Each structure stands twice: as structure tokens, then as C-alpha cells.
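Bear in mind that the values in this text are calculations on the coordinates, not laboratory data. Note that this is a predicted model, so its numbers are computed, not measured. Note that we place each Cβ from the backbone using ideal geometry, even for glycine, and neighbour counts take in every protein chain shown.
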Amino acid sequence: MPSNKKKRHSRPNAPRIGAPRKKRIDRASFEGTLPFIDNFSCTVKQVIHVGELAIVLLVLYDGSDRILKLFSPNRPSGSRNAYEFEYRAYTAMYPHLPASVPRCFGFIGLKMPLKYIHPAPGLVLPPCLATFGPTRGLVLEYLPPSEYRYITPDDAEALQDKLLPALEQALEAVHQCGVLHRDIAPRNLLISNDGTSTKILDFDNSISTLDWEIPEPIFEEEKELIRYIGIGDLSAWRLL
């Protein structure tokens, strides 16, 4: 007996968030590669953050202060591959990184991290580093407190006219590279001390058009939520 139900027609070619590309796009094939740093060695000046997925250190490397973001090889089962997310985001933006993003000087691969990462006198390294096997990381620009600070609720109230346009402009530059941040929140935003510019940090939850079909409305939604929610409520917002 034939069914009276109407057949539902799908749109197989309609791009949607979360649909991986059939073939990943290799940005390196037409723009250059995010450089690999060989023979890496550094001195740790400060432990900034220790998390399940990554450790963030202020290091002295090649005569300059840099941020070293080391990704844990022992990440919890089922958790995202934070290194892959962040590496692909910087690959999508390289070599013409937006001014709204800390510069990335390259990536590293360390078989024995403690052999190449040395603490400054009197500094104690996180114990979890001793358990690290082969790991990967990114060497990033250090933005000192004398120039940038984290956004606070006080900034939102006092600098809303300047801050929101600066943030929209910063995010638009990232979107132009085909990168969707997906974690815009005060903990991932820095503001210059004069309140005129912002920096967007931590792309370890982002996706890019190198790997995913991302329709334009999704990028617009990330910007629209900033405009209508405002800085004061950003900590409660997470896209997707």
C-alpha cells in the first residue's frame, strides 16, 4: 500500500556549519606556509596559564619575549584537538595576519619538552610538563601590560562608543581570512591602554573555510551578537 507521506527533499549542496569539506584546502600551496621552528630552545620567565588542553608560558626566545602555547598530548578523551584548531586558524591567516591578532612566529614539535624548555632561576615549572611526551606548540607575540590589558566591565561602560566599533573591526579582519572564532568573550579580548584598539586571542576553538563549509550568515551572526549584546554580556555568550 503506497504511503501518503510527502517525500522530504534535502539540499545536499547547501553549505552548513559543521560540514567538513570533502578535501581540505592547503593554504600553503598558494600563499606560503606557517614556518616550522627548528632547534627551538627557550627560558621560561612566567607561567601564565595551565589548563587541560594547553599551557601558556612567557618565554625568552631568540632574545625577545614571546608567548609559548604548548598543547597537551594527554588531553581528556573526547576533547577537541585544540592545537589542530589553532594551527589551522593561523594557517588560514598566514602570512597576512590581521593587526587584530597576535603575530605567530611559527610552530614547534618537541619530543621531550623539558629538554628544550628551561625555567628562569627561582621559577618552578608546572609539574604536568614532566609528564608530557611528544607535543606541539605555537610561538606567539607577547603583548605586555604596558600596552594591552584584558577587557573589564568598567571598560564596557566607560569605552562602549570606542570599544564596540574597534572590536567589530578586529573581528571583521579575522572573518576576511575565513576564520570563525567561536569563543568571543572578555577572557579572549585585550584592549589597548588608550582604548582605541583590541586584540583577539585563543583560536583553539575556531574553524576556518580551509576545512569547513561556513555560510556567510554565520560570520554575520558572530558580529551581530557583539553589536546587540555588548561587551558587558559577552562572558555569557558562546557561539555554537
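Which of the listed residues, VAL139, LEU180, ALA170, is farthest toward the dipole's positive end in segment 130-185, when Lys, Arg count +1 and Asp, Glu count -1 at the beta-carbon?
It is VAL139, whose Cα lies furthest towards the positive end.
Taking θ = phi - 60°, what integer Hz values does the Karplus form 6.51 cos²θ - 1.76 cosθ + 1.60 yield along segment 85-98, in sequence order, with x for Gly and Pro?
Once θ is set to phi - 60°, the couplings for segment 85-98 become 4, 6, 4, 5, 5, 5, 4, 5, 8, 7, x, 9, 5, x Hz.
Pairs of Cα atoms under 8 Å, at least six residues apart: use those to get the relative contact order of segment 109-160, whole percent. The partial results should precede the final answer.
Numbers: 23 pairs, mean separation 20.7, N = 52.
Relative CO of segment 109-160 lands at 40 percent.
Classify segment 53-144 from the C-alpha gyration tensor, please: rounded if a/c falls under 1.5, else prolate or oblate depending on whether a/b exceeds b/c.
In terms of gyration-tensor shape, oblate.
What length, rounded to one decimal in nm, is gained on full extension from ASN39 through to LEU60, with 0.36 nm per residue of separation minus their alpha-carbon distance?
6.1 nm
Pop out the Kirkwood hydrodynamic radius of segment 134-221 from its pairwise C-alpha distances, inverse of mean 1/r, in Å to one decimal.
Numbers: mean 1/r = 0.0699 Å⁻¹.
Result for segment 134-221, one decimal place: 14.3 Å.
Report the semi-axes of the equivalent ellipsoid for segment 54-104 in whole Å, largest first, where each axis is √(5λ) for an eigenvalue λ of the Cα gyration tensor. Please list the in-between numbers first.
Numbers: eigenvalues 97, 61, 10 Å².
Whole-Å semi-axes of the equivalent ellipsoid: 22, 18, 7.
Could you pull the Cα extents of segment 115-184 along its three principal axes, largest to smallest, in whole Å?
That works out to 48, 32, 17 Å along the principal axes.
So who's got an amide H within less than 5 Å of the one on GLU147, skipping anything under 5 residues away but keeping other chains? H placed 1.01 Å off N, in plane.
When sequence neighbours closer than 5 places are left aside, there are no close amide H contacts.
Tell me which of CYS104, SER72, TYR83 sits at the most positive position along the dipole axis of segment 66-119, charges placed on C-beta atoms (Lys, Arg +1; Asp, Glu -1).
SER72
Suppose a student asked you for the relative contact order of segment 34-78, using Cα pairs under 8 Å spaced at least 6 residues apart; what percent would you report? Write down the numbers at each step before the final one.
Working: 60 pairs, mean separation 13.2, N = 45.
Worked out over segment 34-78, it gives 29 percent.
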